[in-house]
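Novice: Dropping the structure in here first, questions after.
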Amino acid sequence: MFVVATAGHVDHGKSTLVRALTGMEPDRWAEERRRGMTIDLGFAWTTLPSGGTVAFVDVPGHERFVPNMLAGVGPVPAALIVVAADEGWMPQSAEHLAALDALGVAYGLLAVTRADLADPGPATARARAEIAATSLGAVPAVAVSGLTGAGLPELRAALDRLAVDLPVPVLDDPVRLWVDRSFTVRGSGTVVTGTLGAGRLRVGDELELAGADEPVRVRGLHSLGEARPEAAAVARVAVNLRGTPRDRLGRGDALLTPGRFHHTDLVDVRLAGDPAADLPATLTLHVGSAAVPVRVRPLGPDTVRLRLARPLPLLVGDRALLRDPGRHHVSGGVRVLDVAPPPLARRGAAAARAQVLAELDGRPDLAGELRRRRLVRAGALVRMGVPVPTAPGQGRPAFAKPVAGDWLADPAYWRMLAGRLTEEVARHAREHPLEPGMPVDALRQRLALPDRVLVEALVRPPLRIHSGRVGAASTAALPEPVARAVQRVRAEYGDRPFRAPEADRLVDLGLGPREIGAAVRAGALLRLADNVVLLPDVLDDAVRVLAGLPQPFTLSAARQALDTTRRVAVPLLELLDRRGATRRLPDDARIVVT
Ligand SMILES: Nc1nc2c(ncn2[C@@H]2O[C@H](COP(=O)(O)OP(=O)(O)O)[C@@H](O)[C@H]2O)c(=O)[nH]1
Ligand SMILES: [Mg+2]
């Protein structure tokens, strides 16, 4: 299936043509039929000679209803431009074409209708010239009469050829279904309709609705008037939502694949074409089926920042349109450059930002995003519309590999951080000589990093993390006198590893409570109790010795086997109990847990 939106001045025969092609009535409302005028969007479809299906979104031509027209064409990439042979090019012919151009619509056909009333030649020539100057370029033209049916076979053939040219929809893409209608069906509840431009929808799917806390669930799907278990892009779809009240959503809302879109009320955009020098300070932004008031802040010659009255799920590269509702005037198209732009707080920030934006073109650029954002989660970038290759290999550039968790970093910034981390740790060691390193969280704050895992990923030998601190490995981090004292303990007790220095010996060695604390935190000593310390690497040996005893064994047997005193054996066994290496039995004997 492909979808085409009509465009053109009121009364030029758009609805008549859709009716003649499809046999369906696009003017759905009694009021529309009574007044003979399309007010809101109409929907109809037919089978083409090739066997393919074309669905039409029929739009109103009257200038009062341009917002409805924009909601219809916003999500649709192809247009059927209708001009009456007897009236020729008219104001809304021009306004609708300007809207298509602003949205970057690149595929279309010209139908010159009411050809039974006048020579279609002049209207065709004028319209083709106007259209050729837009994003649509040169388009095929067909003269038709909705009244006599003349030209309809040629128009059907032209629609078939248009279908071949249209880009192939990406079925793996997330769903962003802009709602163009919502209504209630008795017995089924809320139904919304829209044009599915990418991805697929299935009955039972959970979808996200901006502003709703809970996901919504697809209870039923219709396409072309028939219930289906699944719909794949491109398709006109009607989605029945379970348990979602009708007043929760309407035109301009979007149903989304959960977690795949960034909702933003601040975007930096490029104005298309020759931007008017003085844009009004407030305009309406039309994108998808949404129309949202925006405040405009000029940045560069063709770039502005838009503050949206409500957040929308926008992606880098999205096309949108600015319109001045007061003056009934399309101000121009915009291309979204950044959906999560930095605040402009400092003096000169706006000028600097304009320079950055001058380099952007709305095409997602991973390396550029990393350079600008320095550190960003891969998931956040994907939600902005910047794809991140996830599979290792397959030509994934090195900078697309997370540095920690799902954090991506600009390589130059990451190297700079590693250097600063080393400096900060060294400075901390100078300022706090008795501490065995700098706490990870203090480093995180010094380096202004958003996540501890980034600090941990930056630590490289000879630095290491021990007990939540970053310092040089082993005793190198200890102040000189403490390191020397630990060396002496090692020399004196290395061959009697389960003997602990007595209290007065510790004093002789210069190991007071502060020094012992520093050595313990650095992992250079193991503290069993106040003033009872061993070298840190003896626990495995102790377990080996105890495992050689007949099981279970008593405290006294353990003390003898380890060649030590009760002062050491009691807390040592308690430590081994706590670590699960030994187990204490009801009669106070112990066994080694294997
Ligand atoms: N003679 C003639 N009248 C037409 C033709 N197409 C539309 N009309 C008439 O033009 C008027 C406006 O048509 P409509 O389809 O509502 O125009 P829309 O506003 O563009 O949708 C109606 O009275 C139609 O009957 C045509 O090809 N020939
Ligand atoms: Mg109409």
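Every number in this text was worked out from the coordinates using simple rules, so none of it is lab data. Small disclaimer: the values here were computed from a predicted structure and weren't measured. Because the Cβ atoms are built from the backbone with ideal geometry, glycine has one as well, and the counts that use them run over all protein chains shown.
Novice: At 0.36 nm per residue, and after removing the present C-alpha to C-alpha distance, how many nm does the segment from Thr282 to Gln560 gain when stretched out fully? Present the calculation step by step, with values, prior to reporting the outcome.
Specialist: On the way: separation 278, 0.36 × 278 = 100.08 nm, distance 8.77 nm.
Once the chain is fully extended between Thr282 and Gln560, it gains 91.3 nm.
Novice: Shifting gears a bit: Against the longest principal axis of the chain, how steep is helix 91-102, in degrees 0 to 90 to the nearest 10, with axes from Cα atoms?
Specialist: 30
Novice: To continue, here is another question. Calculate for the chain the 222 nm mean residue ellipticity that helices alone would give, adding -39,500 (n - 2.57) per DSSP H run of length 4 or more and normalising by residue count, nearest 500 deg cm²/dmol. Each step should come with its number before you reach the end.
Specialist: Details: 18 runs with 181 residues, N = 594.
When only DSSP H runs of four or more count, the value is -9000 deg cm²/dmol.
Novice: Calculate how steeply helix 480-493 sits against the longest principal axis of the alpha-carbon atoms of the chain, using the helix alpha-carbon long axis, and give the answer as 0 to 90 degrees to the nearest 10.
Specialist: Approximately 60 degrees, to the nearest ten.
Novice: Follow-up. Calculated FRET efficiency, Arg161 and Arg578, Cβ-Cβ r, R0 45 Å, to nearest 0.05?
Specialist: Numbers: r = 79 Å, r/R0 = 1.77.
Calculated transfer efficiency: 0.05.
Novice: So, one more: May I ask you to evaluate 6.51 cos²θ - 1.76 cosθ + 1.60, the Karplus curve with θ = phi - 60°, for each residue of the stretch 4-11 and list the ³J(HN,Hα) values in order in whole Hz, giving x for glycine and proline?
Specialist: 10, 9, 7, 8, x, 4, 4, 6
Novice: Taking the mean number of other Cβ atoms within 10 Å as a proxy for protection, how do you rank 441-447, 501-507 from highest to lowest? Walk me through the numbers on the way to the answer.
Specialist: Values: 441-447: 16.1, 501-507: 14.1.
Top to bottom by mean Cβ count within 10 Å: 441-447, 501-507.
Novice: Continuing with this model, one more query. Apply the Karplus parameterisation 6.51 cos²θ - 1.76 cosθ + 1.60, with θ equal to phi minus 60°, to every residue of the stretch 407-415 and state each ³J(HN,Hα) to the nearest whole Hz, in sequence, with x for glycine and proline.
Specialist: Result, rounded to whole Hz: 7, 9, 9, 5, x, 5, 5, 5, 5.
Novice: Put a dot 7 Å past each Cα toward the Cβ at Asp587 and Ala491; how far apart are the dots in nm?
Specialist: So the two model labels end up 4.7 nm from each other.
Novice: Once both axes come from the Cα atoms, what is the angle between helix 349-358 and the longest principal axis of the chain, in degrees from 0 to 90, rounded to 10?
Specialist: With both axes taken from Cα atoms, the answer is about 70 degrees.
Novice: Highest mean first, what order results for 557-565, 89-97 on Cβ atoms within 10 Å? Write down the numbers at each step before the final one.
Specialist: Values: 557-565: 17.1, 89-97: 20.4.
Output ranking for 557-565, 89-97: 89-97, 557-565.
Novice: Of the peptides 337-350, 317-330, how do they stack up when ordered by the mean number of other Cβ atoms within 10 Å, highest first?
Specialist: Working: 337-350: 14.6, 317-330: 18.4.
Output ranking for 337-350, 317-330: 317-330, 337-350.
Novice: Report ³J(HN,Hα) in whole Hz for each residue of the stretch 148-160, in order, from the Karplus equation J = 6.51 cos²θ - 1.76 cosθ + 1.60 where θ = phi - 60°; Gly and Pro get x.
Specialist: Karplus values, whole Hz, x for Gly and Pro: 8, x, 4, x, 5, x, 5, 5, 4, 5, 5, 5, 4.
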